[in-house]
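The values are calculated or read from the model by the stated rules, or taken from the named source; none is laboratory data. Predicted model only: the values in this text are computed from it and were never measured. Positions of Cβ are backbone-derived with ideal geometry, glycine not excepted, and every protein chain shown enters the neighbour counts.
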There are 2 protein chains.
Amino acid sequence: MRKIRAFCLICFSFFFLLNGCQQRVAERSEQTILSRFVPYFESIKKIGLQEENAYEFLKKITSVGGRLTGSEQADRAVEISLKIMEESGFDRVWSEPVEVRRWVRGEPEQAMVKSEKFPPQALKIAALGNSVPTPSSGLEAEVVEIQSEEELASAAEKIPGRIVFYNVPLDRTCTDPFSAYRRAARFRVNGASKAANYGAVAVLVRSTTFRIDAHPHTGLMEYQEGLPKIPAAAISTADAEKLHRWLQQDPALKIWIKLNCRDEGKVTSANVIGELTGREKPEEIILIGGHLDSWDLSPGAHDDAAGCAVAIEALRLIKEAGLKPGRTIRAVLFMDEEFGGTGGRAYAASVNRNREKHLVAIEQDRGGGAPVGLAFTLEKLIEKIRPLESYLRPLGINWIVKGGGGVDVSPLRESGAVLGSLMPEVQKYFDYHHSALDVPEVVHPRELELQAVILAIVVFYLAETGV
Amino acid sequence: MRKIRAFCLICFSFFFLLNGCQQRVAERSEQTILSRFVPYFESIKKIGLQEENAYEFLKKITSVGGRLTGSEQADRAVEISLKIMEESGFDRVWSEPVEVRRWVRGEPEQAMVKSEKFPPQALKIAALGNSVPTPSSGLEAEVVEIQSEEELASAAEKIPGRIVFYNVPLDRTCTDPFSAYRRAARFRVNGASKAANYGAVAVLVRSTTFRIDAHPHTGLMEYQEGLPKIPAAAISTADAEKLHRWLQQDPALKIWIKLNCRDEGKVTSANVIGELTGREKPEEIILIGGHLDSWDLSPGAHDDAAGCAVAIEALRLIKEAGLKPGRTIRAVLFMDEEFGGTGGRAYAASVNRNREKHLVAIEQDRGGGAPVGLAFTLEKLIEKIRPLESYLRPLGINWIVKGGGGVDVSPLRESGAVLGSLMPEVQKYFDYHHSALDVPEVVHPRELELQAVILAIVVFYLAETGV
């Protein structure tokens, strides 16, 4: 019995020892990795936080104004971005053509509420991207207010010949603003055809923001094949609330609207690309991207000059810190995220043509807020980055989870790239999104720079160690 | 040997089983706690995010303007807060007297750079709290610029009869804004006496903000016993940068400054207190506090109308959700955090007099930003809150760590209270801090409300389960 006890004791001890050893080995390897990289990370951090250059890039990109896909401003943004990258001394800087649609808003929209019970009232509206115009004399009709998808079907008989007014607010009780947005944005994207199916002549869609403000928030809408194309516009949340009250006073009120937008077919635009070519394995590429186009109502500072600025700044920080990465790091500013994603597809096609190998593709398209987490589509990559966690935490990174990616980089997944994103704080993001409010002043230089610093650290680490 | 193996196998199995069981028991107890509380938490969350009333309270408190300790505005804020709490229907609402100092800024300060090499230049300055005034005709002297503590000693012979200009920027490369602030704020708090010790006649102190702006950021300064009291003022960062350049052009330039502040002795002010009285153990108290006073240059929205507003709103949410907590939950709006902390000490003295038992005292004084974490001074309390983590994460709580507390609640620690804080995102906090920029518009209703929702959830849970 004594033998048995002794043997068991040995077994137990061995088990605990093994357990403890494994943990210590993991800790030691984490410390080894950190002690090797921390001096580089410190240089990157110090240069970044001291100089806050991401914001300077953002100001340059936004200086051209709204960069609607296919517009002159978008062309100018391509030129400016190429210049920024060249002046930053990247190893290679170039652009690649993208065939995009050119939709033009034209003269500002007009809308007027006409009632026999109160004086005429102007409404603040903006055509949704891709909408057809109204006749040049405008369009006048009675209104059916709809507050849910179910209501549309039950209001079917009232709809023919009328304007459907989708008055569905973002659900404020939803803690994730993006979830609330996605649910409400369905009315913007598909609402026109759904209403046209019941005979509506136009739609007004409540702006997709949590706040009550005087600004229409635009965005892309799509027509369903085989149904009449009717004009579609966003209405400001403040005016949506008013219209709701006016309709209670006078359900027979009419709205006259005039949209002057037009489709001008296809034009050639460009993705802008800069890289620090890899020292040892230049053929293995790590990508950071944002989208260079924006909506036309503002200079699109959060959406997505921020993503472009941090991508460029991350490369600049690595270069300024005197580092030459083992693998290639690329900043890609995609054209046309907002109007169909042609830039992302064109880039992926070019990657396939040139048989390039993208290890990781990180997309930044959630605004320039303070960083809170990282997300990657591959568990193994998350584990690989885990040793950096203690270094990244004071910079704002509270978690590294499964997720990430975006419209522009998702076509790269087919060719084996892991997708990723740095996730910023987004409670305020939809206040500005797609409206006239998305100006450089609402992005904070230090918060934006923290994004660039973290990205520079993560991609430099991946470029040194591979995936 | 077979016996031994079998026995070992049993031991091992038992060990793993035990391990697994413990984990499952922990998980089950967490699930039990959550399933009991989540319906309450959901009510609190829905009411909060839908109504965003914390911001309404903040607007009411800030409506009186800057609430400098001892001022008429501070008195008015006491009245308004009592009214808000009474209207919210709390079980008890009262105020307690606090003897405070009344320091008055007087007419706006003036400062002028006089040089023989360039025309006169005005500087934007503001007297530091507690400073003595200049003579009524002002004070004119040459300037010694100091960029570190060491420099002061080495410049000793130049200082007599001159104005010391502390031009020490916040270290932008420091990721924690509060650390950077604390280091730079030493010059504001102690700089006057240190300079007076070398014979200086006044000090100008670079404002403690990361940004370059045109606004002096004031704050408390202290005189060291036995040294001459010399006038002390904050200078805006933009003017500090200019003055630095002017001093390079003309080291013999003079500055004329005029401060009109005065000490008006002691007056009686008040802490404002409201509570939801405990259902089962009314004598056990859980406190949430902010400070009602602010600096006088702005309505102090982040510092600290935000803390007061979320404390009141947390109680209101619990009440509106129809909940009656087991233990007493108190919102305390402390007077005079900024000018010496007399309110916190007066409250603690009252607690001791009345032999009240405070289990936990949570202070909110880091602005109204989006929540990121919770901190408590007691490890056991952290473990107690751990089961709520999965619920709190979508609301923004990424970590629960050791820390927390603040000037107002720290005197309660002696009588056994655990201190705590909800930590918000603070990268922008010092942009506004103690300057004219700290207005309601820079606080976001949804971010602020998330603080109130989290606090309501945490204190209701503690009030039900004890500490």
- Query: Across region A:364-385, what is the total count of residues that are among the hydrophobic types (A, V, I, L, M, F, W, C) and either closer than 20 Å to residue A:449 by Cβ or not assigned by TED's automatic domain parsing to the domain that holds residue A:437 (or both)?
  - Reply: 3
- Item | Those residues of region A:36-65 which are of a type in the set (Asp, Glu), within 12 Å of another protein chain (Cβ to nearest Cβ) and assigned to a helix (DSSP H, G or I), in sequence order | A:42, A:51
- Task: Provide a single number: the residues in region A:86-98 that are surrounded by fewer than 18 Cβ atoms within 10 Å (Cβ to Cβ) and either among the hydrophobic types (A, V, I, L, M, F, W, C) or within 30 Å of residue A:190 (Cβ to Cβ) (or both).
- Result: 1
- Task: Look at residue B:89 and say whether it is of a type outside the set (A, V, I, L, M, F, W, C) and over 33 Å from the mean Cα position of the chain (by Cα).
- Result: no
- Message: Just to verify a result, which residue in region A:412-427, among those that are touching a Lys or Arg at 6+ places or on another chain (Cβ under 8 Å) and surrounded by 20 or more Cβ atoms within 10 Å (Cβ to Cβ), is nearest to residue A:170 (Cα to Cα)?
- Response: A:427
- Meets criteria (exposed (fewer than 14 other Cβ atoms within 10 Å of the Cβ), assigned to a loop (DSSP other than H, G, I, E, B) and assigned by TED's automatic domain parsing to the domain that holds residue A:201) for residue A:251: yes
- Item | Residue in region B:171-182 that is touching a strand residue (DSSP E or B) at 6+ places or on another chain (Cβ under 9 Å) and either hydrophobic (A, V, I, L, M, F, W, C) or not in a helix (DSSP H, G or I) (or both) present | no
- Name every residue in region A:99-137 that is in contact with a strand residue (DSSP E or B) (Cβ under 9 Å, 6 or more places away or on another chain), surrounded by fewer than 18 Cβ atoms within 10 Å (Cβ to Cβ) and either of a type in the set (Phe, Trp, Tyr) or not in a strand (DSSP E or B) (or both), in order of residue number. A:106, A:107, A:108, A:115, A:120, A:132, A:135, A:136, A:137
- Log entry, pairs with first residue in region B:168-195 being more than 14 Å from chain A (Cβ to nearest Cβ), second being assigned to a helix (DSSP H, G or I), beta carbons closer than 6 Å, six or more apart or on different chains, reads B:168/B:184; B:168/B:187
- Looking only at region A:203-222, decide whether some residue is under 22 Å from the mean Cα position of the chain (by Cα), crowded, with 22+ Cβ neighbours inside 10 Å and part of a strand (DSSP E or B). yes
- Which of the residues that make up region A:66-79 are surrounded by 22 or more Cβ atoms within 10 Å (Cβ to Cβ) and assigned to a loop (DSSP other than H, G, I, E, B)? A:67, A:68, A:69, A:70, A:71
- Which residues, counting only those in region A:341-385, are of a type in the set (Ser, Thr, Tyr) and surrounded by fewer than 19 Cβ atoms within 10 Å (Cβ to Cβ)? A:350
- Considering residues of region B:441-457 that are in contact with an Asp or Glu (Cβ under 7 Å, 6 or more places away or on another chain) and within 11 Å of chain A (Cβ to nearest Cβ) only, the residue farthest from residue B:391 (Cα to Cα): B:445
- Message: Residues to consider are A:267, A:272; find the one that is out of contact with any Leu (no Cβ under 8 Å at 6 or more places or on another chain) and either buried (at least 23 other Cβ atoms within 10 Å of the Cβ) or under 30 Å from residue A:419 (Cβ atoms) (or both).
- Response: A:267
- Could you list, in sequence order, all residues of region A:427-467 that are touching a Phe, Trp or Tyr at 6+ places or on another chain (Cβ under 8 Å), of a type in the set (Val, Ile, Thr) and within 29 Å of residue A:38 (Cα to Cα)? A:443, A:457
- Any idea which of (1) under 16 Å from the mean Cα position of the chain (by Cα); (2) among the charged types (D, E, K, R); (3) within 12 Å of chain A (Cβ to nearest Cβ) is the one residue B:438 doesn't satisfy? (3)
- Query: If a residue has to be part of a strand (DSSP E or B) and surrounded by 24 or more Cβ atoms within 10 Å (Cβ to Cβ) to count, how many in region B:275-304 make the cut?
  - Reply: 8
- Flag for residue B:82 being surrounded by 17 or more Cβ atoms within 10 Å (Cβ to Cβ), more than 12 Å from every other protein chain (Cβ to nearest Cβ) and either more than 19 Å from residue B:289 (Cβ to Cβ) or under 22 Å from the mean Cα position of the chain (by Cα) (or both): yes
- Task: Being of a type in the set (D, E, K, R) and touching a strand residue (DSSP E or B) at 6+ places or on another chain (Cβ under 6 Å) is the filter here, so list the residues in region A:414-430 that pass it.
- Result: A:425
- Task: Look at residue A:373 and say whether it is touching a helix residue (DSSP H, G or I) at 6+ places or on another chain (Cβ under 6 Å) and within 14 Å of chain B (Cβ to nearest Cβ).
- Result: no
- Item | Subset of region B:386-404 that is assigned to a loop (DSSP other than H, G, I, E, B) and surrounded by 16 or more Cβ atoms within 10 Å (Cβ to Cβ) - its residue that is farthest from the other protein chains (Cβ to nearest Cβ) | B:404
